[in-house]
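The values are calculated or read from the model by the stated rules, or taken from the named source; none is laboratory data. Quick caveat: nothing in here was measured; it's all calculated off a predicted structure. Don't worry about glycine lacking a Cβ; one is built from the backbone with ideal geometry, like all the others, and counts go over all protein chains shown. Just the protein is used for accessible areas: all its heavy atoms, side chains included, with ligands, DNA and RNA removed. Shrake-Rupley method; radii C 1.70, N 1.55, O 1.52, S 1.80 Å.
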Amino acid sequence: MITGKKVELRPVSLEDHKRSYHWRNDEETARFDAGSGLYRYSHVPLEQLEASYEKDIRNIDKREVGEFSIYTLGEDARHIGSIGYRNLDIVSRRCVVGLGIGEKELWGKGYGTDALKALINYLFKTMNLRRIQLDTWSGNTRAVRSYEKCGFVVEGRLREDTFIDGKYYDTIVMGLLREEFQYES
């Protein structure tokens, strides 16, 4: 397991995967997590989500993709979201990360930032990566602030690239190099 100051990143269990059904079908949560991909991400029947566990989670190639459940630390540990990496390139030593906190009452309380810092630390120190990238839509200001707290810088902006709730937003591409990351253990 990967541990931060507030959270622990655990392998995704079937129960965790099924729990995401509620987050994916909450319009506000799904909008922030999926952006313009909302139509593919949400309104997925529980049976379809359960069936995808074997294919999408249990059998993933960890050399290319890593998926984790975010749990709060402590005696009453609680599953609150998910985080992962994809597009791992071991030659260039880089990947793309993404995360989502599904429990809305915990938004803005530092759990996502802590989870991301813990994952970044793992990717840089254990997997020896050199660069980490992510992207989000410009309307997701809470996520942008969180990413900046982790050291990510805006590297590009795709203007009016994504359509959400009847309005176009920019896609913001952010990156972080190993030497830029500061992790307080």
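Below is a table of values for the structure above.
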| quantity | calculated |
| --- | --- |
| Options ARG19, ARG40; residue that is modelled with pLDDT of 80 or more, over 16 Å from ALA118 (Cβ atoms), part of a helix (DSSP H, G or I) and open to solvent by 40 Å² or more (accessible area, probe 1.4 Å) | ARG19 |
| Residue tally, condition part of a helix (DSSP H, G or I) and either touching a residue at least 60 places away in the same chain (Cβ under 8 Å) or of a type outside the set (Asp, Glu) (or both), over region 105-141 | 18 |
| Members of region 67-104 found to be under 26 Å from THR141 (Cα atoms), among the charged types (D, E, K, R) and assigned to a loop (DSSP other than H, G, I, E, B), listed by number | ARG78, GLU103 |
| Enumeration of residues in region 114-149 that are farther than 20 Å from ASP89 by Cβ and open to solvent by 30 Å² or more (accessible area, probe 1.4 Å) | LYS117, SER138, THR141, ARG142, ARG145, GLU148, LYS149 |
| In region 167-185, residue farthest from ASN121 (Cα to Cα) [restricted to those that are open to solvent by 60 Å² or more (accessible area, probe 1.4 Å) and either out of contact with any Lys or Arg (no Cβ under 8 Å at 6 or more places or on another chain) or modelled with pLDDT under 90 (or both)] | LYS167 |
